[in-house]
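The values are calculated or read from the model by the stated rules, or taken from the named source; none is laboratory data. All figures in this text were calculated on a predicted structure; none of them were measured in a lab. The protein model used for the area step is the full one, side chains on, heavy atoms only, and it has no ligands, DNA or RNA in it. Shrake-Rupley method; radii C 1.70, N 1.55, O 1.52, S 1.80 Å.
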Amino acid sequence: MENINDFNELEEIRQQIKALKDKVERKGTLNERLVRKSIKGSMSSIRRTIYILLALAVLVTPVWLMIKFQHNLSWPLFIFTMVMMYGSVFFDWHINRLDTESIGTDLKETARKLAEMKKRRSQQEKIGLFVVIPIWIIWLALEFYYNASNHTEALALIIGLVVGGAIGGAIGLSIYFKWQRKNDEMIDQINEILEEE
């Protein structure tokens, strides 16, 4: 009789363990789904921002053409400006590509891709901020200075360039930091799921 009671208790413990495992698996699956949904939403937001930047570049192109003719700027400067602008949008798109349909099949691989994305975005920002933009600003300032009809006009154009550059730089940096923060959040969410496993 005692053996039957022990067997029943053992069977009851097995069922409780199985129920607990099922609950943990369901919670893990739910968490993975939530993380996948969150990552897809974040990547969708980043893609939307890239499309807005592309639309702005298209709208700014005729304005730059008008500025080129109005201030007698050189064609090489205009071409450099266009390459810089569209190149930045292209690299934003290229760096921020992530197949959101494959998220969840391998969370470790997704976290690795997100970390790589963050690193490449940082490299792009440094090159743009410390190499490309300074070259462009100096080149534009020199052309404004030498093509202006007088020093007052040249000074006004250069002040406008500095103010515009500061505003553009602030907007660009805010987008950069926002994207980096989103990357950190996505990686943290994945790491939390992986720690639970």
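Considering only protein heavy atoms and a 1.4 Å probe, what is the carbon-and-sulfur percentage of the accessible area of region 31-136? Please report the intermediate quantities before stating the final value.
Details: 4210 of 6290 Å².
Accessible surface attributable to carbon and sulfur in region 31-136 totals 67 percent.
How much length would be gained if the chain were fully extended between R112 and I137, taking 0.36 nm per residue of separation minus their Cα-Cα distance, in nm to one decimal?
So the extension gain works out to 5.4 nm.
Restricting attention to the alpha-carbon atoms of region 78-197, what are Rg (one decimal) and Dmax (integer), both in Å?
19.8, 70
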